[in-house]
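Okay, so here's the structure we're looking at.
Rule-based calculations on the coordinates, nothing more; no lab input. In this text the structure is predicted, and so the values were computed from the model without any measurement. Here the Cβ positions follow ideal geometry from the backbone for every residue, glycine too, while neighbour counts run over all protein chains shown.
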Amino acid sequence: MSRTAKGNAERGQALVEFSLAILVFLVMLVGIFDIGRGIYTYNGVAEAAREIARITSTHVGSPVGTSTETLDRIAVQRNLTPNLASPAITCVDLYGAAGTCLSGNYVQVVVTAAYRPISFLGLPPLTLSSSSSVQIP
């Protein structure tokens, strides 16, 4: 083989190796970003449950969860967390049974959000859920 033909063959080999390596690297990189999005969404769901329970425990409406402060907090959390569903807000007693919203009982909030991974296109949407309970003062 002549000198120039050998150089062209080596450049072609490097191009093929690079194209195979960059595909693996890009899939890994997009997967890492996707996992980060999932963690961000889950943290947002958990924070929403805590915030809504905290506000609702101090501003219990009739029916529960209809006070202006609670509705404002739900609106804020919907802006912060993508695909946040309407929270389930109930009053429970010390043992977790449904009760009335009296002092000493608890406000329990369950929040869910749908998360669709981008990098793993075949996966169905995942439902992320979090709950929080705060005692009514």
Checklist entry - Do the sum for the chain: with -39,500 (n - 2.57) for every DSSP H run of n ≥ 4, divided by all residues, what is the mean residue ellipticity at 222 nm, to the nearest 500 deg cm²/dmol? => result -18500 deg cm²/dmol
Item to check | Top of L23, L71, L84 by mean-square fluctuation, Gaussian network on the chain, Cα under 10 Å | outcome: L23
Checklist entry - Once phi is turned into ³J(HN,Hα) by the Karplus curve 6.51 cos²θ - 1.76 cosθ + 1.60 with θ = phi - 60°, what whole-Hz value does each residue of segment 86-99 show in order, with x for glycine and proline? => result 5, x, 9, 10, 9, 9, 10, 8, 4, 9, x, 7, 4, x
Item to check | Other-chain or far-sequence residues with amide H under 5 Å of L126's (modelled H) | outcome: Y115, R116
Checklist outcome for this item: GNM on the chain, Cα springs under 10 Å; top mean-square fluctuation among G36, G61, G12 goes to G12
Checklist outcome for this item: Counting all Cα-Cα pairs in the chain, those more than 17 Å apart amount in percent to 67 percent
Checklist entry - Pairing the Cα long axis of helix 3-58 with the longest principal axis of the chain, what angle in degrees results, from 0 to 90 and rounded to the nearest 10? => result 0 degrees
Checklist entry - Taking 0.36 nm per intervening residue step and subtracting the Cα-Cα distance, what contour gain separates T58 from T100 on full extension? => result 13.7 nm
Checklist outcome for this item: Given a Förster distance of 41 Å, the FRET efficiency implied by the Cβ-Cβ spacing of A21 and A85, rounded to the nearest 0.05, works out to 0.50
Item to check | Distant-in-sequence amide H partners of G99 (H built 1.01 Å from N, under 5 Å) | outcome: C91, V92, D93
Item to check | Placed amide H near N105: partners under 5 Å, 5+ positions off or other chain | outcome: I136
Item to check | Tilt relative to the chain, helix 68-80 - C-alpha long axis, 0 to 90 degrees, to 10 | outcome: 10 degrees
Next on the checklist: Can you tell me the length gained on complete extension of the stretch I32 to T127, counting 0.36 nm per residue apart and subtracting the Cα distance?
Outcome noted: 32.3 nm
Next on the checklist: With +1 assigned to the C-beta of every Lys and Arg and -1 to the C-beta of every Asp and Glu, and no other charges, what is the dipole magnitude of segment 31-137 about the Cα centre in debye, to the nearest 20?
Outcome noted: 180 debye
